[in-house]
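Q: Okay, here's the structure, questions in a sec.
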Amino acid sequence: MRILFLCVANSARSQMAEGLARAILPPEIEVASAGSAPGGLDPLAVEALSETGIDISQHRSKPLSEVSPETADLIVTLCAEEVCPFVPGPVKRLHWPIADPAAGDIAAFRTARDQIRGRIEVLARLLDLPEGPAGTEFHTSIRVRDLAASTRFYGWLLNTWPKEWTHRYATFLRPDIGLNLVLMVADDATLHHDTLYHLGLALPDKAAIIDAYHRAVAVGAHVDKPPRTTWKGTPLHELWLTDPDGTLIEVYARLTETDLTAMPENQAPAYLVPGTEPATAD
């Protein structure tokens, strides 16, 4: 894969991006930078990167013609106020608007450096992203202090009545935007502006849930509960994951009429992948 970082002068932002990308991305990724009106390498860009152990002192500003932009697999432009260089053709593009540090002191270059580094760290984790489950709906559950007040607010926001509600929850469905929102009573939990109960992703059927489990294991995702069929509450085939910060993700598929006929008398969950049953099933 070949990545090209572009700005106007190729003196600071794209030069720092090139240096950071070489240090962060896998060695098989080819990295270059250029500018539409190349100037000279800014010494403060060199200094800012040297503080992180990266040496770009031998870099020089280059025009687009020197880096064969037509061969790039990904072009990243970093202009903010200026008109960015444009390379025609069917190429994947990203735009990272980073303020030009050239008019500032070393602090401005450090800010630009850190903003670019954060973006490249995300890019590094996406380059080998495997294919994930093909969801049909995105589900969110949040806890609320006043179910009636929150139901009114979200009814207004989503422009619909809830599909159903009890004294403990209200469920909003918007198939046109793939949304399933559930408001849950707080149960005396401490709530704040970041309160979240869990997220969810709907899949077509039981086979897709099992496939999602194997994909999750392959990508190194944390499995909170392995795939199983549950009967209590809303009958579902489900897989519970947690994201890197511990937020619960429910990957689920609704049961068919045939699935429902297999419900055991004790309604114990049925685990879908052999060897994943806990010592004491919950």
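The values are calculated or read from the model by the stated rules, or taken from the named source; none is laboratory data. Note that the structure is predicted; figures quoted are calculated from it, not measured. For neighbour counting, all protein chains shown are included, and Cβ atoms are generated from backbone atoms with ideal geometry for every residue, glycine included.
Q: Taking interchain pairs and intrachain pairs at least six residues apart, which have beta carbon atoms under 6 angstrom, with the first residue in segment 121-143 and surrounded by 13 or more Cβ atoms within 10 Å (Cβ to Cβ) and the second in a helix (DSSP H, G or I)?
A: Note: pairs meeting the criteria are A124/I24; P133/A212.
Q: Within the bounds of segment 135-151, is there any residue that is in contact with a Gly (Cβ under 7 Å, 6 or more places away or on another chain), acidic (D, E) and modelled with pLDDT under 90?
A: For segment 135-151, residues in contact with a Gly (Cβ under 7 Å, 6 or more places away or on another chain), acidic (D, E) and modelled with pLDDT under 90: present.
Q: Which residues, taken from segment 96-134, are in contact with a helix residue (DSSP H, G or I) (Cβ under 9 Å, 6 or more places away or on another chain), closer than 30 Å to Y197 by Cβ and not charged (D, E, K, R)?
A: L129, P130, G132, P133, A134, listed by residue number.
Q: Can you name the residue in segment 51-92 that is under 29 Å from the mean Cα position of the chain (by Cα) and of a type in the set (D, E) and is also modelled with the highest pLDDT among such residues?
A: D73
Q: Continuing with the same structure: Taking the residues in segment 174-219 that are of a type in the set (S, T, N, Q) and assigned by TED's automatic domain parsing to the domain that holds T256 as candidates, determine which candidate is modelled with the lowest pLDDT.
A: Only one residue fits best here, namely T195.
Q: Is it the case that segment 56-75 has a residue that's of a type outside the set (D, E, K, R), touching a Phe, Trp or Tyr at 6+ places or on another chain (Cβ under 6 Å), in contact (Cβ under 8 Å) with a residue 12 or more places away in the chain and under 17 Å from E18 (Cβ atoms)?
A: Pass one, segment 56-75, residues of a type outside the set (D, E, K, R): 56-59, 61, 63-65, 67-69, 71-72, 74-75.
After this cut, where a residue has to be touching a Phe, Trp or Tyr at 6+ places or on another chain (Cβ under 6 Å) as well, the list is none.
No, every residue in segment 56-75 fails to be of a type outside the set (D, E, K, R), touching a Phe, Trp or Tyr at 6+ places or on another chain (Cβ under 6 Å), in contact (Cβ under 8 Å) with a residue 12 or more places away in the chain and under 17 Å from E18 (Cβ atoms).
Q: Taking segment 91-107, which residues are touching a residue at least 60 places away in the same chain (Cβ under 8 Å) and in a helix (DSSP H, G or I)?
A: Selection gives P101, A102, I106.
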